[in-house]
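Participant: The following block contains the structure, expressed as structure tokens.
The values are calculated or read from the model by the stated rules, or taken from the named source; none is laboratory data. The structure presented is a predicted model; accordingly, all values stated were derived computationally and were not measured. Neighbour counts are summed over all protein chains in view; Cβ atoms, including those assigned to glycine, are modelled from backbone coordinates with ideal geometry.
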Amino acid sequence: MRQLQGMDASFVALETRTSPMHIGSILIYNPATAPGGFVRYKDILRFFESRMQLSKTMRQKLVRVPFDLDYPYWVEDKDFDLEYHVRHVALPKPGDWRQLCIQAARIFARPLDLSRPPWEFTIVEGIDNVPGVAPGSYAMVTKVHHAAIDGMSGIDLMEALHTLDPNAPPPNEPDTWKGEEVPNFAELLAKSWVNNVANPLRQLDVAAKAMPGVAKAIKGLVSKDFKLHGEMLAPRTRFNAVISPNRVVEGRSIPLADIKAIREAVPGAKVNDAFLAIIGGALRKYLAAHGDLPDKTLTAMAPISVRSSGEKGDMGNQVAAMIAPLGTHIADPLERLAYVHGQTVNSKAMTDAIGARNMTEISKISPALFMALGAQLYTRLGLANRVGPPFSTVVTNVPGPPVPIYSSGARLESMMGLLCLTDGLGLGHVVQSYCKEATITFTACRNLMPDPDFYAQCMEDSFTELRDAAKAAPAPKAAEAAEKPSKKAARKSGAKTGKSKKK
């Protein structure tokens with residue numbers, strides 16, 4: 001039995017009917033590499049069962065403390081049933097991309113049963129009419145509660161359920177797993193009392209460790225190593241409101257080589273800057289078309305993994321975050337990229353000064369009861385419709401394997417990430433890389449985004465514009481744009497006048 005950390009517990013506290021707190025992915029497999037060229041549902045069950053011992057996540061369930069007086073615990077589920085967690089459905093003809101996205105959104109909208117290990121994988125057959133995907137391929141829509149994994153530990157879970165060779169034998173290490181009895185009411189209350197008595201001491205310890213980071217941050221502000229400015233405060237958009245229980249998902253695949261070429265157009269820019277600029281351009285197009293584009297730039301919360309090599313296989317979340325302005329007020333795609341790069345450099349300097357690990361440690365000492373009450377009151381009072389958002393959306397970058405991997409002998413062809421949403425955050429993005437492919441996928445509340453295919457097209461158009469501009473721009477011009485992005489870009493974008501036109 002192991003207790004959750006503060007950040008992990010916050011995802012349990014935030015769980016509601018309209019805000020299920022799981023993350024996941026759409027994985028597409030080609031069974032041509034499997035024995036006989038096809039994979040049955042029973043083959044998948046047998047393959048997973050042979051590899052359960054490689055994952056800490058699969059057979060543990062949550063046990064909440066009475067009245068939420070303390071953080072929940074992970075307990076090995078003695079009633080674990082693999083067939084409950086691995087489902088099986090098929091698309092009707094023609095089995096196209098739109099049908100797969102609709103099915104994935106329906107699956108993803110349903111909350112997990114938190115009385116069982118909090119994950120479900122749904123095998124989706126009948127994918128016969130998706131461009132670039134071989135007929136006879138199948139998908140797997142995964143859902144894992146965010147309390148159990150972050151992006152990087154999710155990749156570790158992927159590694160546990162995949163091999164580098166389609167014909168790899170089962171792992172040699174024995175499965176010594178055993179179930180545990182759930183602690184009773186009195187035991188949980190006693191543990192919570194001990195932990196709450198000790199919590200003030202833990203708070204003092206974390207505060208003492210955080211002080212050097214706070215001092216460094218103040219010094220950085222004084223010496224202008226970075227700066228706080230109004231562009232880090234998000235304007236309200238249609239996505240920053242109370243959400244419904246309904247979801248839409250969509251995404252686009254992009255050659256990873258094109259993303260790397262785009263970043264070279266602005267000196268010092270990173271791959272993540274290119275993705276942020278593409279998303280900024282897509283949001284600009286989408287909101288302008290709906291007459292809802294703010295004069296001020298939208299911002300993204302970008303998670304930063306602080307997971308050490310020794311914590312590689314651990315459950316839970318080891319992440320901090322930074323705020324990244326997306327340049328939605330800038331029309332020119334290259335100038336937007338240069339602006340985003342400048343802003344992320346500033347945000348990273350601020351995060352480094354405070355200490356990303358310190359930010360994670362502070363989350364571990366929040367009183368459980370106050371966390372749960374605060375989360376529930378925020379939802380029940382509809383505060384997302386009244387309080388300004390801390391950021392406009394989420395953009396999380398999850399690097400995938402650079403080489404092909406296989407599950408049940410079938411080659412993984414593509415991977416697209418899915419995110420949980422909360423009131424005030426009705427749109428989230430996951431960027432993933434795998435082999436030579438990069439994907440940008442979004443999850444949104446269907447009430448706030450009833451036209452996901454249009455936003456996906458905006459994403460594709462934004463990428464095309466940035467790619468073509470990067471190819472056409474000479475290096476000196478890109479360098480100049482990197483030096484002076486903000487004022488020049490604001491004038492060209494019409495941000496001062498408040499004009500927005502559909503392109």
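Participant: Condition first: modelled with pLDDT under 95, among the polar types (S, T, N, Q) and assigned to a helix (DSSP H, G or I). Can you find one or more residues in the range 483-502 that meet it?
Facilitator: Yes, the range 483-502 contains a residue that is modelled with pLDDT under 95, among the polar types (S, T, N, Q) and assigned to a helix (DSSP H, G or I).
Participant: I'd like the full set of residues that are over 25 Å from the mean Cα position of the chain (by Cα) and buried (at least 21 other Cβ atoms within 10 Å of the Cβ), limited to the range 128-146.
Facilitator: Of everything in the range 128-146, just one residue is over 25 Å from the mean Cα position of the chain (by Cα) and buried (at least 21 other Cβ atoms within 10 Å of the Cβ), namely S137.
Participant: Further question: So, in the range 11-26, of the ones that are under 16 Å from the mean Cα position of the chain (by Cα) and hydroxyl-bearing (S, T, Y), which residue ends up nearest to F442 (Cα to Cα)?
Facilitator: In this case the residue turns out to be S25.
Participant: May I pose another question? Residue pairs, Cβ under 7 Å, 6 or more apart or interchain, first in the range 335-350 and farther than 9 Å from A277 by Cβ, second of a type in the set (K, R) and not in a helix (DSSP H, G or I). List them.
Facilitator: The qualifying pairs are N346/K227.
Participant: Yes or no: the range 1-21 includes at least one residue that is within 29 Å of P170 (Cβ to Cβ), of a type outside the set (S, T, N, Q) and surrounded by 17 or more Cβ atoms within 10 Å (Cβ to Cβ). Don't jump to the end; show me each part of the working.
Facilitator: Of all residues in the range 1-21, those within 29 Å of P170 (Cβ to Cβ) come to 1-2.
In the following step, the residues that additionally are of a type outside the set (S, T, N, Q) were identified as 1-2.
Filter once more, keeping what is surrounded by 17 or more Cβ atoms within 10 Å (Cβ to Cβ): none.
No, because not a single residue in the range 1-21 is within 29 Å of P170 (Cβ to Cβ), of a type outside the set (S, T, N, Q) and surrounded by 17 or more Cβ atoms within 10 Å (Cβ to Cβ).
Participant: Could we say that D70 is crowded, with 18+ Cβ neighbours inside 10 Å, among the charged types (D, E, K, R), assigned by TED's automatic domain parsing to the domain that holds P135 and over 28 Å from A105 (Cα atoms) here?
Facilitator: yes
Participant: Okay, next question. Pairs under 7 Å by beta carbon, first residue under 16 Å from G424 (Cα atoms) in the range 9-21, partner of a type in the set (S, T, Y) and assigned to a loop (DSSP other than H, G, I, E, B), six or more apart or different chains?
Facilitator: Final answer for the pair search is T18/S244.
Participant: On the basis of being closer than 28 Å to C445 by Cα and buried (at least 24 other Cβ atoms within 10 Å of the Cβ), does I278 make the cut?
Facilitator: On the way: closer than 28 Å to C445 by Cα: yes; buried (at least 24 other Cβ atoms within 10 Å of the Cβ): yes.
The answer is yes for I278.
Participant: Restricting to the range 79-93, name every residue that is modelled with pLDDT of 95 or more and in contact with an Asp or Glu (Cβ under 9 Å, 6 or more places away or on another chain).
Facilitator: L82, Y84, H85, V86, R87, H88, V89, A90, L91
Participant: Now, a different point. For V39, work out the one condition from (1) over 28 Å from the mean Cα position of the chain (by Cα); (2) surrounded by fewer than 18 Cβ atoms within 10 Å (Cβ to Cβ) it doesn't fulfil.
Facilitator: Result: V39 fails condition (2) only.
Participant: Checking E159 against (1) part of a helix (DSSP H, G or I); (2) in contact with a strand residue (DSSP E or B) (Cβ under 8 Å, 6 or more places away or on another chain); (3) at pLDDT 65 or above; (4) not hydrophobic (A, V, I, L, M, F, W, C): exactly one of these is not met. Which one?
Facilitator: Tallying (1) part of a helix (DSSP H, G or I); (2) in contact with a strand residue (DSSP E or B) (Cβ under 8 Å, 6 or more places away or on another chain); (3) at pLDDT 65 or above; (4) not hydrophobic (A, V, I, L, M, F, W, C), E159 fails exactly one: (2).
Participant: Among (1) more than 25 Å from P170 (Cα to Cα); (2) in contact (Cβ under 8 Å) with a residue 40 or more places away in the chain, where does G95 come up short?
Facilitator: (2)
Participant: Moving on. Need a quick list: helices (runs of 4 or more DSSP H) entirely within the range 331-408 having at least 3 residues that are surrounded by fewer than 17 Cβ atoms within 10 Å (Cβ to Cβ) and modelled with pLDDT of 70 or more.
Facilitator: In the range 331-408, no matching helices (runs of 4 or more DSSP H) lie anywhere.
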